[in-house]
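Encoded as structure tokens, the structure appears first; notes follow it.
Read-outs: derived from the displayed coordinates by stated rules, not from any lab. Note that this is a predicted model, so its numbers are computed, not measured. Note that each Cβ is placed from the backbone with ideal geometry, even for glycine, and that neighbours are counted across all protein chains shown.
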Amino acid sequence: MESITPGVVLLIILVIPVALMWAFSKRNRTGQEIQRQKDQAAFDTLPYSNHCMTCGNDFKTLPVPQRGSSLVELALWIMIFPAGIVYSVWRRQKAGKITCIVCKSDAVIPAISPAAIAHTASIQAAIRS
Ligand SMILES: [Zn+2]
């Protein structure tokens, strides 16, 4: 019976994990790409939901998600209490806020509100005259 040489064993030990890692990363990338396309399709169906009172731009955007990680926040609250407070405040500073994608103003209101409709009408009247 033929014995297996160390070279073959080394090759198997190296090739199998690399092949598994490659296959897993490829599958993971494909999953992320599919999720990204689904998110984009859902985003595209949104109406123009925001109106900027500074520049009059109508745009759609999603609320800014919280920064950082809940796990880190919990760990800081348990282990380093003052740092937990600072981290919690930092995480929530910009969460949920919407700023104009053109002029970065935070004077953004829903596009279907009477003030936004009146603002749009006044801009169009100013353009026509
Ligand atoms: Zn603006």
In degrees, nearest ten, helix 81-92 long axis to first principal axis of the chain (Cα): 60
Note the angle between two axes, namely the Cα long axis of helix 70-79 and the longest principal axis of the Cα atoms of the chain, as a number of degrees from 0 to 90, rounded to the nearest 10. 80
Taking only DSSP H segments of four or more residues, each worth -39500 (n - 2.57), what value at 222 nm results for the chain once the sum is divided by all its residues, to the nearest 500 deg cm²/dmol? -20000 deg cm²/dmol
Nearest-0.05 FRET efficiency for MET79 and ASP44, computed from C-beta distance (R0 41 Å): 0.40
So how tilted is helix 114-128 from the main axis of the chain? Cα-based, degrees 0 to 90, rounded to 10. 70
When the chain is fully extended, how far beyond the present Cα-Cα distance does TRP90 get from LEU20, taking 0.36 nm per residue of separation? 21.3 nm
Per the C-alpha gyration tensor (a ≥ b ≥ c, the square roots of its eigenvalues), the chain is rounded if a/c is under 1.5, else prolate if a/b beats b/c, else oblate; here it's oblate
Subtracting the Cα-Cα distance of ARG67 and GLU33 from 0.36 nm times their residue separation yields 10.0 nm
